[in-house]
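Below: one structure, written as structure tokens.
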Amino acid sequence: MGEDRALMIEVINLHKYFKDHHVLKGLNQKVYKSEVVAMIGPSGAGKSTFLRCLNRLEEPSLGKILIEGTDITATRTDINKVRTEIGMVFQSFNLFPHLTALQNIKLAPINVRRMSEKDAEERGRQLLKKVGLQEKANAYPDQLSGGQQQRVAIARALAMQPHMIFFDEPTSALDPEMIREVLDVMDNLAKEGMTMLVVSHEIGFIREAATRILVLADGCIIEEGTPNEVLKHPQHSRTQDFLSKIV
Amino acid sequence: MMPEMVPSPPTGGNKTRPSWRERFGHVPWFRRYEFLGGLFLLLLALAFFLPPFGRPQSTLVWIEIAVYFLAVLFWVGIILSDIEKPNWMKAIAAVLIVLVFGWLFYQYSGARWDKLAHAFFNWEILSATGSYGSTTSAWIELLAGLWLTLQLAFFSIIFGTVLGLILAVLRNLHDPVLNFFLTIWVDFFRAIPIIVLMMLIYYAFPYLGITLSGVVSGVLTLTLNSSAYISEIFRAGIESIHYGQVEASRALGLTTMQTMRLVILPQAIRVVMPPLASNYVAMLKDTAICSVIAILELLKTAITLQSWLANPTPLVAATALYLLILIPMARFSSVLENRMKARGVSRALASKKG
Amino acid sequence: MANIKQTPIRESFAKRYRARFGHLPWFKRYECLIPLSIIILLIGFLLLPPLGKPTPLQWLWIGVFLILLILWVVGILTDIEKPRWIRAIAAISFVFVLGFFFYRYSGAQWDKLTTNFFNLSVMEGLWGDLGQGLLMTLKVALVSMCISLVLGLVIAILRSLNNPILNVFLIIYIDFFRAIPLIVLVVFVFYALPFLGIELDPYISAVVAVSLSYAAYVAEVIRAGIESIYRGQVEASRALGLSSMQTMRLVILPQAVRVVIPPTTGLMVGLLKDTALTTIIGLPELLYKGIQNTIWQSNPTPLVAAAVLYIIVLLPLTRFSGYLETRSKKWVKTAR
């Protein structure tokens, strides 16, 4: 699929140990530009760990990870530079509670990209408008609902103009009525051609937006394919088992 | 109790004797007005049999007085703990216990109250000049002592905070070897009483050839002592920040230093402020210990004046000065603490809502 | 992302430098650290003055040496990619150099250390005396602990009745005794009250002052413990039909005790420490004995011995109360 497009992520034989616990057992994967890759699988399968290894929030134990051709596992690579190209959205939002929504968004562009205060402010407001929260610019995180906080977190990730965004279970800490507003924002991003890696169990969203699904279990990719193939005709017995439980 | 007086239960079963409560209502006996009124009269009568004015000589009399006070406390406690008693009665009970305590103290402490004004509040002696060979009045001396106390506190706070911050930052490097030494430092200075450390530095170190002046020893002692406490406060503040905050900033590409400066420290300072403030209040109190190494701060000045003037008014005045400064500060630090607790609650509620 | 204006990224000098030489900041690089360690060693061996009080110029060299050393240590310790053994060497050498400098330049006569500080022959026959002092310290502490706990409990209970008139007096009591430095209170009770005809011997004065002061702290701690019990707990037990006494006995107190014990233990350790303050009124407790004997022997070994005894008694206790406190924090977290 899409071999003519730019290669964004290449993972070669990735292993991760926590002490003696073997979490990732030799993953190989390629992600191309504008792909939306959804990762599903039972809890403890290593989905989040895999995602977090890709921007070295977890140190990979073994293997190679190339982000846009840069080997990020090499010690001499400036991981902060790589991270500016990767947006990350967390399950627990992780907004900075001492800063307003707008300040949260401006922080990294000003301090990492050395953008001017004025430009950052302008972009921050544009992004808040994009996620539908322009009137909440001066609200502190504890004055926002969970769904609003997560949308601010997405805007914060976008402010760095990343080449790809990782979503680590972005909706699982939210009340049901707030999931939609976050998924809508993610849907729009996918339509704009953003490269996205999503760990999520929102089957509706995956069916609509994802171009590819990876099914992980016990640290291995046991199945991979388009949503149509995987969701309608799962091949692996564990995939069938898992899907029957969450649908 | 006569069985025929009792209305027989409708079922006519074997239950012949109703319980006491069924007859007299559910109020327990000790909360009933019959009991409380009787006890009140008894206490009133007993008051006339209490020993006469003056310090009691035998232990038996002391016990008698103590029992009387406990009985009054019991009576008051019953009234105050019953929500059904009217408010005016509670007010009377509250005033009564304070009055009885004051009266018993007045009667039996053995104090000569006629001397109170002369001994404790002798303003003439305090404002007179030259009464003991000095040209200034005792007031001025006391104020000079207060100024030295404040300076001692100021320098100890500055140095203690800087040292504590350095220790906390070193702690935060999580180096096992360094941590070993830091733990020894913190444990040692938290375990040793300030006054012992001060005596060691001031009286024992000169035998080694290290001679420090009184003020330097005092500030050094308070600095060393508080550095241990302050470093623990800072460490707790830094550790209280959720790890997700660090991850989020690293994912945005902030460096370690930027994460510290822009994300961790602004949050940690809010957590750290209340315990830090109460630690500073405690340090101001601890400067009084410097009086044992001949520093003429407020307490030492007061003690010296008292022995010169043979009158404890300077000590009373010094106590008043301490209270004047420390009560507002203590109040302020507890306001800070409560505000943070309240904020914590509102934040917890907000996140629950979300 | 079409609607977002692309702003050009300003390249700073540091960025360009790093693009050429990799991302490690200069002070963490081996190219920098190795010459730095050579310079440090050279200064250390050639320029540092020998034992004794240095001249101002020598102090300057010591300062330069220390600054370079701190740079070196920070450069190594802040970099998690450096191997363990290098980090360990950095930490040890840092502590070692600080200790060594104190040894060399504090001007102390270390040859007198054993004769003046740890002179066991001076201590002969004094251990019993110090032991008596320690017993007195423990006695004052234990008696004061009992009184302050009971008094504090009474005050806290009266406080929890929420009577506005009574509260005024209780708050005055608590504010007064928490604000006044304990040593001032001790001095006041012993030196000022006799002028009023209230003459108490040092032991009674010490117990009175310490107990009154700590009762205020105990009362506050207990009150905070009672208040920390979540209101829903009371409602839940009342809804089950428990009476207010039963609620207190079965639900509130068992929880409050768990909340209150760690800070109260801390307070009691503090009380034991603070008994040393009563030395100012001549109470023959441990510190007083240490000082007396120091004066009589004109040798500070007894004082050092007293300090060591304090540490031996208090260190395990502070550790223990710290342990209780961290454990209760964990407990509170799981309860919420």
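Values computed for the structure shown
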{"quantity": "Mean separation of Cα contacts under 8 Å (6+ apart) over length of chain C, as relative contact order %", "calculated": "19"}
{"quantity": "Rounded to 5, percent antiparallel among DSSP beta bridges of the protein assembly as shown", "calculated": "55"}
{"quantity": "Chain B: angle of helix B:313-353 to the longest principal axis, Cα-based, in degrees nearest 10", "calculated": "80"}
{"quantity": "Residue-span extension gain [B:R31 to B:T129] - 0.36 nm each, minus C-alpha spacing", "calculated": "29.1 nm"}
{"quantity": "Apportionment of accessible area to carbon and sulfur, segment C:35-122, percent (1.4 Å)", "calculated": "78"}
{"quantity": "Candidate aspartates and glutamates for bridging to C:K82, where Cα separation is under 14 Å - those fewer than 8 sequence places away on the same chain excluded", "calculated": "B:D175, C:E31"}
{"quantity": "Dipole axis of the protein assembly as shown (+1 Lys, Arg; -1 Asp, Glu on Cβ), positive-most option in B:C290, B:A93, B:A128", "calculated": "B:A93"}
{"quantity": "Cα gyration tensor shape of segment B:27-111, rounded if a/c is under 1.5, else prolate or oblate by comparing a/b with b/c", "calculated": "prolate"}
{"quantity": "Calculated FRET value between C:A224 and A:E117, using beta carbons and R₀ = 45 Å, to 0.05", "calculated": "0.50"}
{"quantity": "Per residue convex hull volume, Cα atoms of chain C, in Å³", "calculated": "311"}
{"quantity": "Cα centroid of segment A:201-247 to Cα centroid of segment C:155-197, whole Å", "calculated": "71"}
{"quantity": "Listed residue pairs exceeding 28 Å between alpha carbons, taken from A:K30/A:K129; A:K130/A:K232; A:K64/C:K28", "calculated": "A:K30/A:K129; A:K130/A:K232"}
{"quantity": "Shape call, segment B:78-178: gyration tensor on alpha carbons, a/c limit 1.5", "calculated": "oblate"}
{"quantity": "Total accessible surface hidden between C and B, rounded to 100 Å², 1.4 Å probe", "calculated": "5600"}
{"quantity": "Rounded to whole Hz, the Karplus (6.51, -1.76, 1.60) HN-Hα couplings of segment B:172-179, x for glycine and proline", "calculated": "5, 6, 6, 8, x, 5, 5, 4"}
{"quantity": "Under the Karplus curve 6.51 cos²θ - 1.76 cosθ + 1.60, θ = phi - 60°, whole-Hz ³J(HN,Hα) for segment A:211-225, x wherever Gly or Pro sits", "calculated": "9, 7, 10, 10, 9, 9, 8, 6, x, 10, 7, 8, 7, 8, x"}
{"quantity": "Solvent-accessible area buried by A and C, counting both chains, probe 1.4 angstrom, square angstrom", "calculated": "1600"}
{"quantity": "Tilt relative to chain C, helix C:56-77 - C-alpha long axis, 0 to 90 degrees, to 10", "calculated": "90"}
{"quantity": "Förster radius 41 Å - calculated FRET efficiency between C:V234 and B:L46, Cβ distance, rounded to 0.05", "calculated": "0.65"}
{"quantity": "Percent carbon-and-sulfur accessible area, chain B, ignoring ligands, DNA and RNA, probe 1.4 Å", "calculated": "71"}
{"quantity": "Spatial separation of Cα centroids for segment C:290-319 and segment B:265-291, in angstrom", "calculated": "28"}
{"quantity": "Cα centre as origin, Lys/Arg/Asp/Glu Cβ charges: the protein assembly as shown dipole, Debye", "calculated": "1220"}
{"quantity": "About the Cα centre, charge dipole magnitude for segment C:196-259 (Lys/Arg +1, Asp/Glu -1 at Cβ), debye", "calculated": "460"}
{"quantity": "Where chymotrypsin sites (Phe, Trp or Tyr not before Pro) fall in DSSP loop in segment B:40-76, at most 13 other Cβ within 10 Å", "calculated": "B:F48, B:F49, B:F53"}
{"quantity": "Mean residue ellipticity (222 nm) of chain C, computed from DSSP H runs ≥ 4 via -39,500 (n - 2.57), nearest 500", "calculated": "-23000 deg cm²/dmol"}
{"quantity": "Debye, to nearest 20: dipole size of segment C:70-150, +1 on Lys, Arg Cβ, -1 on Asp, Glu Cβ", "calculated": "200"}
{"quantity": "Prolate/oblate/rounded label for segment A:146-193 (Cα gyration tensor, a/c 1.5)", "calculated": "prolate"}
{"quantity": "For chain B, built as a Gaussian network whose Cα springs stay under 10 Å, the top-fluctuating residue of B:T313, B:T149, B:T59", "calculated": "B:T59"}
{"quantity": "For B:207-214, mean number of other protein chain Cβ atoms within 10 Å", "calculated": "5"}
{"quantity": "Over chain B: helical MRE at 222 nm, DSSP H runs n ≥ 4 each giving -39500 (n - 2.57), nearest 500", "calculated": "-23000 deg cm²/dmol"}
{"quantity": "Sites excluded, GluC sites (Glu not before Pro) in DSSP loops with at most 14 other C-beta within 10 Å, longest stretch of chain C", "calculated": "C:200-336"}
{"quantity": "Dipole of the protein assembly as shown, positive end: most advanced residue of B:G38, C:I43, B:V281 [Cβ charges, Cα centre]", "calculated": "C:I43"}
{"quantity": "Rg and Dmax [Cα atoms of segment B:131-342; Å; Rg one decimal, Dmax integer]", "calculated": "20.9, 74"}
{"quantity": "Sequence-distant residues sharing a close amide H with A:G26 (under 5 Å, placed H)", "calculated": "A:L14, A:H15, A:K16"}
{"quantity": "Contour minus Cα-Cα distance for A:S172 and A:F18 (0.36 nm per residue)", "calculated": "53.0 nm"}
{"quantity": "Debye intensity ratio in log₁₀ form over the Cα atoms of chain A, taken at each q of 0.12, 0.13, 0.15 Å⁻¹", "calculated": "-0.70, -0.82, -1.09"}
{"quantity": "Computed over chain A: relative contact order in percent, which uses C-alpha pairs under 8 Å that are six or more apart", "calculated": "26"}
{"quantity": "Solvent-accessible area per residue for chain C (1.4 angstrom probe, square angstrom)", "calculated": "53"}
{"quantity": "Separation in nanometres of the label points that stand 7 Å from Cα toward Cβ, at A:S43 and A:A6", "calculated": "3.8"}
{"quantity": "Those chymotrypsin sites (Phe, Trp or Tyr not before Pro) in segment A:134-222 that DSSP places in a loop and that have at most 13 other beta carbons within 10 Å", "calculated": "none"}
{"quantity": "Other-chain or far-sequence residues with amide H under 5 Å of A:L216's (modelled H)", "calculated": "A:I40, A:G41, A:I222"}
{"quantity": "Segment B:59-81 versus segment C:33-88: alpha-carbon centroid distance in Å", "calculated": "70"}
{"quantity": "Gyration tensor (Cα) of chain B, equivalent ellipsoid semi-axes in angstrom", "calculated": "53, 40, 18"}
{"quantity": "Amide proton proximity set for A:G87, modelled H, under 5 Å, gap of 5+", "calculated": "A:H163, A:M164, A:I165, A:F166"}
{"quantity": "Where labels lie 7 Å past Cα in the beta-carbon direction, separation of C:T55 and B:S137 in nm", "calculated": "5.5"}
{"quantity": "Chain C: most fluctuating residue of C:K289, C:K53, C:K139 per GNM, C-alpha cutoff 10 Å", "calculated": "C:K53"}
{"quantity": "MRE, 222 nm, helices only [DSSP H, n ≥ 4, -39500 (n - 2.57), over chain A, to nearest 500]", "calculated": "-10500 deg cm²/dmol"}
{"quantity": "Mean separation of Cα contacts under 8 Å, 6 or more apart, over the residue count of chain B: relative contact order %", "calculated": "17"}
{"quantity": "Kirkwood hydrodynamic radius (C-alpha pairs) into Stokes-Einstein, the protein assembly as shown, 20 °C and 1.002 mPa s, D in µm²/s", "calculated": "63"}
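The values are calculated or read from the model by the stated rules, or taken from the named source; none is laboratory data. The structure displayed is predicted, hence computed values, not measured ones. We place every Cβ from the backbone using ideal geometry, glycine too, and count neighbours over all the protein chains shown. These area figures cover heavy atoms from the full protein model, side chains too; ligands, DNA and RNA do not enter into them. Shrake-Rupley method; radii C 1.70, N 1.55, O 1.52, S 1.80 Å.
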